[in-house]
Amino acid sequence: MKYQIMGGLVKFAATTILENINFEIRDHEKIAIVGRNGCGKTTLLNLIAGNIELSNLDSDEDCGISMAGNLKIGFLKQIDFTDSEETIEGEILKVYAPVFEMKKRMDELVTLMENNPSEQILNEYGRLSQAYENAGGYTYRQDMETVFQRFGFELRDLARPIQSLSGGQQTRIAFVKLLLSKPDILLLDEPTNHLDMPTIEWLEGYLKNYSKAVVIVSHDRMFLDHIIDVTYEIEYKTIKRYPGNYSAFIQRKRLDADKQEKDYIAQQKEIARLQMLVEKWKNTPTKVAMTRSKLKAIEHMDKIEKPRRFDTKAFHASFSPRIESHKEVMRIKKLEIGYDCTLSTINLEILKGQKIAVIGENGKGKSTLLKTLVGQIPALGGSYEYGIDVEMGYFEQQMAQYTSEETILDDFWNTYPNLKQVEVRTALGHFLFSQDDVFKKISQLSGGEKVRLALLKIFQTKPNFLMLDEPTNHMDMVGKQALESMLRSYEGTVLFVSHDRYFVKEVATAMLVFEENQVNYYPCGYEEYLEERQKRNSAERNKSNNIGKSNVAKQQMQQEEQPAKQEVKSYNPGKEESKRLRQIKKLEEKIAECEQKIEELRQESQKEEYATDYKKLEELATKTQEVEEEWEQHMENLESLQ
């Protein structure tokens, strides 16, 4: 057991946040903590990180926290920058301070060994050299540059001062430092927020193969499914452990609830039957012993708790557009988007009823496209035109930061002053603002609550064309599912930016993908797009391999032609035969090497740890195919020579 909390209680003032906490981290587990917004997930992370303490440490109960040794726990929120004038490179290299200390001592030992090569010095150098290698002393530069670039930076950015970065960029640098520090327990709170899809896919692979424990709070269902071994759910202030990833947890929870419901009903029926017998015979002298035994049977039963209903309360807004738009909702021609320079050029025709997801790397112009289409920033070139009878509703990320000292009720009513009070309360109730909640000030709301209020204001106008920029940020999983359901049944048109692959999969009927140097449209859903991308990548690899084969064939023909030309001048049969045999031997060695590589790759692909790592399996399959093609080419050349 690496880390354990037993019978824990966390209270803030008189409010209980978590109770009877029993939580474990075993070996190198990848653990998810899930639950509704505000249930205490981040509180649990802070407890593990040591930022807060248990509230019942002084009680007589058997409770506490135990750790195996002096564990290094890394939590993103713990990392801050003390010197804003420091360069990014200097800040990241602070992670390797212990490594540099080891290198300094190793250099000192080398100097000492030149004058006094004693056994003690040699042993110390050997131990230190091994520790230096284990700490990544020989690869730290490569590791740093790889992770740095994966988070969307370029190597030249290493020279920039920390103070020149935006808040989001500084968070990414803190994330880079955290990953490179390789703590024994890695704590991540919503790690995929504001990361683009390529970075999320890379992070999945990194965490899946991370050699130590990881605890993640996330609402990204696909991300959790690809990484997690164990899921803890916090519900009604208590925590429960489930083996498997998020999808396995959902299935297990339903099965457990169904079984508990059946067992509870059966037990209540049995109790009612026994009590009926007691009531019937309690006044009969000859049945006194029997009635007492029935009462004892009831008393000694392990009472099954009545199942609590799942906390699935979510907003709902099944609305139809005020009017229907014509078939063509928007036409975009050679639209150049950007600020100082063109980021991307887009051609697109949006038709009524489409749900188009805008995905791709950060910095390519996805949000900029929506800002341009709603007129917030001017186009740098090209044109766009709305269709007839199009009424647009626009959600942007900044709405989650909106603040005011007005109450929810007043803020919404001021936006729609013609509504009656009952209509206002009903609309707010549909978005989970009911009873006294409506008197909360906007400044007191969480990011998720502000998003809900912003969406309500947009939907109240009943537009027929929605443009949504990252609408699921700050939403919990139940909220995302509610929005998915609403958008699927929505009769209008949707153009939305999202990095949540599960949300995109559930909603999108078409894809607008910001790729390397162009923006491509795919008239299909997310899963079909992935299949198309895989086919395209395979075709490009085959094309590259064919070009390689063609070049090899040309070189071989040139080599074969060369002796033919020389044949006229002089021909030595013994020399040519010796040359041919040497070539055959070299090819046989290459064939043997290829066969060994193929066998090694096949054995690696059968390893247990890669059983569900489809990205790794695809990578191994690609390498195997490349080596097999190389083997075939060598065999053809060998047959020709023989």
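The values are calculated or read from the model by the stated rules, or taken from the named source; none is laboratory data. Just so we're clear, the structure is a prediction, and the values are computed from it rather than from any experiment. Because the Cβ atoms are built from the backbone with ideal geometry, glycine has one as well, and the counts that use them run over all protein chains shown. Just so you know, the surface numbers come from the protein's heavy atoms only, side chains and all, with ligands and any DNA or RNA stripped out. Shrake-Rupley method; radii C 1.70, N 1.55, O 1.52, S 1.80 Å.
When the Cα positions of 209, 409, 90 are compared along the charge dipole of the chain, 409 comes out farthest toward the positive end, with charges on each C-beta of Lys, Arg, Asp and Glu. When only alpha carbons are used to place a centre, the range 207-236 and the range 452-523 end up 24 Å from one another.
What translational diffusion coefficient, in µm²/s and rounded to a whole number, does the Stokes-Einstein relation yield for the range 210-286 at 20 °C and a viscosity of 1.002 mPa s, taking the hydrodynamic radius as the Kirkwood radius over Cα pairs?
Values: Rh = 16.1 Å.
Answer, rounded: 133 µm²/s.
For the listed peptides 382-394, 11-23, a ranking on the average number of other beta carbons within 10 Å per residue, highest first, reads 382-394, 11-23.
Listed by chain and number, the lysines whose C-alpha is less than 20 Å from the C-alpha of residue 296, apart from same-chain residues fewer than 8 away, are 269, 280, 282, 287. Restriction of the chymotrypsin sites (Phe, Trp or Tyr not before Pro) in the range 232-270 to DSSP coil positions whose beta-carbon has at most 13 other beta-carbons within 10 angstrom yields 236. The angle between the Cα long axis of helix 246-281 and the main principal axis of the chain comes to about 30°, on a 0 to 90 degree scale. Using the structure shown, list the pairs from 262/355; 240/462; 371/505 with a Cα-Cα distance above 30 Å, or answer none. Long pairs (Cα-Cα over 30 Å): 262/355; 240/462.
Of the peptides 587-599, 492-504, how do they stack up when ordered by the mean number of other Cβ atoms within 10 Å, highest first? Walk me through the numbers before you get to the answer.
On the way: 587-599: 14.8, 492-504: 23.8.
Descending mean neighbour count gives 492-504, 587-599.
Normalised by the empirical 2.2 N^0.38 Å for globular proteins, what value does the Cα Rg of the range 71-196 take? Each step should come with its number before you reach the end.
Working: Rg = 17.5 Å, N = 126, 2.2 N^0.38 = 13.8 Å.
Output field value: 1.27.
Among the protein heavy atoms, those of residue 584 account for about 20 Å² of accessible surface (1.4 Å probe, every chain in place). In summary, the aspartates and glutamates within cross-link reach of residue 237, defined as a Cα separation below 15 angstrom excluding same-chain residues under 8 places away, comprise 19, 311.
How many lysine pairs are close in the range 1-79, with Cα atoms under 19 Å apart and the two 8 or more places apart or on different chains? It would help to have the intermediate numbers written out before the result.
Details: 2/30; 2/72; 11/41; 30/41; 30/72; 41/77.
Step by step, the pairs that qualify in the range 1-79 add up to 6.
P(r) for the range 1-136, from all Cα pairs and a bin width of 5 Å, is 2, 7, 13, 13, 12, 11, 10, 10, 9, 6, 4, 2, 1, 0 %, short bins first.
Please give the peptides 184-192, 131-139 ranked by average Cβ packing (other Cβ atoms within 10 Å per residue), highest first, as a rough proxy for protection.
Numbers: 184-192: 20.9, 131-139: 14.0.
So the order, starting with the most tightly packed, is 184-192, 131-139.
Calculated FRET efficiency, residue 252 to residue 386, Cβ-Cβ distance, R0 = 45 Å: about 0.40 to the nearest 0.05. Projected label points at residue 155 and residue 542, each 7 Å from Cα along the beta carbon direction, are separated by 3.5 nanometres. Near the amide H of residue 11, within less than 5 Å, lie the amide hydrogens of 17, 55, all on another chain or at least 5 residues away, with H placed in the peptide plane. Compared with the dominant Cα axis of the chain, that is its longest principal axis, helix 477-489 is turned about 80°.
The alpha-carbon atoms of the range 164-236, seen along their principal axes, cover 42, 26, 25 angstrom, with the largest extent given first. Accessible area per residue (1.4 Å probe, heavy atoms of protein chains only) ranks 172, 150 as 150, 172, with the largest value leading.
Taking a straight Cα-Cα cut-off under 18 Å and skipping sequence neighbours fewer than 8 places away in the same chain, the aspartates and glutamates within cross-link reach of residue 294 are 270, 279, 302. For the range 430-446, the Karplus equation 6.51 cos²θ - 1.76 cosθ + 1.60, evaluated at θ = phi - 60°, returns couplings of 4, 10, 6, 9, 10, 6, 6, 4, 5, 9, 5, 7, 4, 5, 8, 7, 6 Hz by residue, with Gly and Pro reported as x. Computed 3J(HN,Hα) for the range 402-414, one whole-Hz value per residue from the Karplus formula 6.51 cos²θ - 1.76 cosθ + 1.60 where θ = phi - 60°, is 4, 9, 6, 8, 6, 6, 4, 4, 5, 4, 5, 5, 5, glycine and proline marked x.
Under a Cβ-only charge scheme (Lys and Arg +1, Asp and Glu -1), can you give me the dipole magnitude of the chain about the Cα centre, in debye to the nearest 20? Walk me through the numbers on the way to the answer.
Working: 88 positive and 103 negative charges, 452 e Å.
Its charge dipole is roughly 2180 debye.
At q = 0.06, 0.08, 0.10 Å⁻¹ the log10 of I(q)/I(0) for the chain amounts to -0.51, -0.83, -1.15, computed by Debye summation with a single uniform scatterer per C-alpha, solvent ignored. Based on every Cα atom in the range 379-524, Rg and the maximum pairwise Cα distance Dmax equal 16.9, 53 Å.
Whole number please: convex hull volume per residue, Cα atoms of the range 367-433, in Å³. Could the numbers behind the result be given before it?
Working: hull volume 9.3 nm³, N = 67.
For the range 367-433, the hull spanned by Cα atoms encloses 139 Å³ per residue.
For the range 269-417, the convex hull drawn through the C-alpha positions has a volume of 291 cubic angstrom per residue. Dividing the summed -39500 (n - 2.57) terms of all DSSP H runs of n ≥ 4 by the residue count of the chain sets its mean residue ellipticity at 222 nm at -16000 deg cm²/dmol.
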